[in-house]
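Let me begin by presenting the structure, written as structure tokens, before commenting on it.
The values are calculated or read from the model by the stated rules, or taken from the named source; none is laboratory data. Being a predicted model, the structure only gives us computed values, none of them experimental. Here Cβ is always computed from backbone atoms with ideal geometry, including for glycine, and neighbour counts include all displayed protein chains.
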Amino acid sequence: MKIRFRAAAAAIACFAAALTANGAARADNYPSRTITIIVPASPGGVTDMLGRILAQHMIADWGAQAVVENKPGANNQIAAEYVTHEPGDGYTLFVGPETTFVVNPTLYPHLAYDPVKGFTPITGLVQINHALILNPSVPANSVKELIALDKAKPGQLNYGTFGVGSSGHLNMEMFKSMTGTKFVAVHYKGAAPAMQDVLADHIQLMFVSVGSALPHVKSGGVKMIGIGAPKRTALLPDVPAIAETVPGFTAVSWFALYGPPNMPGDVVAKINGEVRKTFAEPDVQKNFLDKQYFESIAGSPAELSERLRTEEPKWRRLITEAHIKVE
């Protein structure tokens with residue numbers, strides 16, 4: 001897998017050459033039929049929300065027909081495998097979280113798809129900063145105090161995840177690795193049930209998206225002691241970044257748009273340009289991104305490929321060293 005990700009750099013160069021070689025004819029005629037956006041999750045979550053925003057703007061801005069098809073299961077593997085076997089003509093697209101490409105290859109020894117050769121990177125979409133939240137009963141009001149509390153009584157605090165290998169799980173394991181803490185994982189089938197148990201004080205803490213945490217912070221059900229952004233954000237200027245106490249630490253999840261392998265370069269360029277234009281619209285920024293506490297990471301296909309290439313080794317190392325396995 002490490003060798004395959006190193007090979008991605010060569011793939012990016014080939015892709016750039018294809019942008020010129022394929023000509024403009026395909027892009028001029030695209031789209032001429034329905035675009036299907038495959039989402040590897042059930043309706044209602046962030047991935048589904050992103051798929052539907054893209055479909056709405058394809059219909060409104062292009063006059064195209066676009067539909068979202070949900071294919072949940074197996075930690076995104078069902079949907080991802082399906083997309084790799086579809087024609088690379090731009091009429092099947094995939095919205096996926098980073099775990100599909102930089103976590104699953106290490107977590108699953110027999111992955112049903114090739115995360116490098118099986119897809120065409122199109123553009124990043126959004127990054128979500130995670131919040132470190134505690135039940136109010138925990139006698140710590142800062143990251144520094146939480147670390148000290150655990151070191152005084154190691155292994156006494158339990159944290160919730162939304163599944164083995166989920167961003168909520170791996171971000172906490174990275175925090176433990178960087179701080180020498182000993183929090184104990186309790187795995188749930190989603191963020192919502194884990195949050196309910198933090199509220200009920202059955203478990204004491206978790207990482208969860210800022211947008212999911214804020215309503216409970218405002219009601220006093222939990223306290224937010226830090227966010228996983230590299231630095232404080234303009235939307236939450238009074239909440240410290242965890243990196244202020246643990247230098248270099250981040251806790252985020254992110255989502256991107258891909259197609260099947262061997263998509264024509266001009267079609268990729270057209271989709272990329274339209275998505276970036278959509279995410280730059282003031283209305284989308286105000287009423288979607290800011291409202292959900294999302295940050296746009298829309299950029300070039302090469303930027304997305306580079307993000308995948310650099311993040312995979314980080315998570316592979318953590319998963320290996322922490323002996324994280326899917327039962």
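How many residues, within the stretch 245-276, are touching a Pro at 6+ places or on another chain (Cβ under 6 Å) and among the charged types (D, E, K, R)?
Residues meeting the conditions: 0.
For Gly160, are the conditions met, namely being surrounded by 18 or more Cβ atoms within 10 Å (Cβ to Cβ), in contact with a Lys or Arg (Cβ under 9 Å, 6 or more places away or on another chain), touching a residue at least 40 places away in the same chain (Cβ under 8 Å) and among the small types (Gly, Ala, Ser)?
No; evaluated as a whole, the condition is false for this residue.
Count, please, the residues in the stretch 132-146 that happen to be surrounded by 18 or more Cβ atoms within 10 Å (Cβ to Cβ) and out of contact with any Gly (no Cβ under 8 Å at 6 or more places or on another chain).
Counting residues in the stretch 132-146 that are surrounded by 18 or more Cβ atoms within 10 Å (Cβ to Cβ) and out of contact with any Gly (no Cβ under 8 Å at 6 or more places or on another chain) gives 6.
Could you check the stretch 27-72 and list, in sequence order, the residues that are surrounded by fewer than 19 Cβ atoms within 10 Å (Cβ to Cβ), among the aliphatic types (A, V, I, L, M) and in contact with a Pro (Cβ under 7 Å, 6 or more places away or on another chain)?
Passing the criteria: only Ala64.
Hey, can you tell me all the residues within the stretch 275-295 that are in contact with a Leu (Cβ under 9 Å, 6 or more places away or on another chain), surrounded by 17 or more Cβ atoms within 10 Å (Cβ to Cβ) and assigned to a helix (DSSP H, G or I)?
The answer is Val275, Thr278, Phe279.
Can you tell me which of Thr100, Thr92, Thr120 is hydroxyl-bearing (Ser, Thr, Tyr) and within 30 Å of Thr233 (Cα to Cα)?
Result: Thr100 is the single residue among Thr100, Thr92, Thr120 that is hydroxyl-bearing (Ser, Thr, Tyr) and within 30 Å of Thr233 (Cα to Cα).
Examine the stretch 243-253 for a residue that is touching a Lys or Arg at 6+ places or on another chain (Cβ under 6 Å) and either at pLDDT 95 or above or in the same structural domain as Ser32 (by TED's automatic domain parsing) (or both), and state whether such a residue exists.
Within the stretch 243-253 (the criterion being touching a Lys or Arg at 6+ places or on another chain (Cβ under 6 Å) and either at pLDDT 95 or above or in the same structural domain as Ser32 (by TED's automatic domain parsing) (or both)), the answer is yes, since at least one residue qualifies.
Any idea which of Ala298, Ala269, Ala243 is in a loop (DSSP other than H, G, I, E, B) and small (Gly, Ala, Ser)?
Ala298
Please pick out the residue among Pro282, Pro313, Pro240 that is over 15 Å from the mean Cα position of the chain (by Cα) and in the same structural domain as Val143 (by TED's automatic domain parsing).
Among Pro282, Pro313, Pro240, only Pro240 is over 15 Å from the mean Cα position of the chain (by Cα) and in the same structural domain as Val143 (by TED's automatic domain parsing).
Is it the case, given these coordinates, that Pro301 is more than 20 Å from the chain's Cα centre (by Cα) and of a type outside the set (D, E, K, R)?
no
Could you check the stretch 317-327 and list, in sequence order, the residues that are in a helix (DSSP H, G or I) and more than 16 Å from Gly168 (Cα to Cα)?
Once the filter is applied, which keeps residues that are in a helix (DSSP H, G or I) and more than 16 Å from Gly168 (Cα to Cα), the stretch 317-327 yields Arg317, Thr320, Glu321.
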